[in-house]
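*Asks:* One structure, pasted below without further comment.
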Amino acid sequence: MGKTVRDHLVDTLEDLGQDQFKKFKTKLNVFPLRKGYSNIPRGRLEKADVLDVCDKLISYYLEEYAVEVTVELLTDINERELADRLRKATGTGCGGKGQKPGPSDGATGKEEEHFVDRYRVQLIQRTTPVEPILDLLHGTVLDDEQYQTVRSGSTNQEKMRKLYQLMPSWNKECKDRFYEALKAKNRFLIQDLEGN
């Protein structure tokens, strides 16, 4: 089997130099978190090595959010390459703000068009209800703000349009998650479209 999220976190943090790792720990203690989460106490981080820090990240924030926090912090301390590598390896944090897909993300035009792009119009028109799909995407593809924005649409079509407006910043992994969410909650619609 592939590596776990914890393995990817360990690999990433082990690539930091000593000074950068120290900076990472210092920032981790004061990082502005989502509602409902608390910072890891400074005393628990001071002498912590890479394995300790990874364990604390996962026990405090669970896997999905631990990756998101790590990606944000790495970007903060100018370790963008490591942040990107972690994001790609784990397939999380793809709906975040200001992330532009890199040249490797389908810019070559060789890839076949993704299902969710190909059936955009039909999915906007026919997906009901939208909330259960948003719930599945929340925290992995959509952050809190995006989740609330999409939910604020007054009709299902409007919600789907808002969701599609976020799509340019998604990578293939995000679209796959969206497709899986649609399949889980709107199986017959997806079967109908795939049968075309």
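The values are calculated or read from the model by the stated rules, or taken from the named source; none is laboratory data. Predicted, not measured: the structure shown is a model, and the values here were computed from it. Here the Cβ is made from the backbone with ideal geometry for all residues, glycine too, and neighbour counts use every protein chain on show.
*Asks:* Quick check on my filter: what residues within the stretch 149-167 are surrounded by 15 or more Cβ atoms within 10 Å (Cβ to Cβ) and in contact with a helix residue (DSSP H, G or I) (Cβ under 8 Å, 6 or more places away or on another chain)? Can you show your working first?
*Replies:* Residues of the stretch 149-167 that are surrounded by 15 or more Cβ atoms within 10 Å (Cβ to Cβ), as a first pass: 149-151, 153, 156-157, 159-160, 162-164, 166-167.
Hits for the stretch 149-167 are 149, 150, 151, 153, 157, 159, 160, 162, 163, 164, 166, 167.
*Asks:* Report, by residue number, each residue of the stretch 26-63 that is within 14 Å of residue 7 (Cα to Cα) and surrounded by 14 or more Cβ atoms within 10 Å (Cβ to Cβ).
*Replies:* 50, 53, 54, 55, 56, 57, 58, 63
*Asks:* For residue 178, indicate whether it is among the aromatic types (Phe, Trp, Tyr), surrounded by fewer than 16 Cβ atoms within 10 Å (Cβ to Cβ) and at pLDDT 90 or above.
*Replies:* Values: among the aromatic types (Phe, Trp, Tyr): yes; surrounded by fewer than 16 Cβ atoms within 10 Å (Cβ to Cβ): no; at pLDDT 90 or above: yes.
Taking the combined requirement at face value, the residue does not satisfy it.
*Asks:* Let me ask something additional. Step by step: first the residues of the stretch 51-106, then only those that are among the charged types (D, E, K, R) and part of a loop (DSSP other than H, G, I, E, B), then the one that is modelled with the highest pLDDT. Which residue is that?
*Replies:* Let us first name the residues in the stretch 51-106 that are among the charged types (D, E, K, R), namely 52, 55-56, 63-64, 68, 72, 76, 79-81, 84-85, 87-88, 97, 100, 105.
Applying the additional criterion that residues be part of a loop (DSSP other than H, G, I, E, B) yields 79, 97, 100, 105.
Values: 79: 91, 97: 39, 100: 39, 105: 42.
Only one residue tops the list, namely 79.
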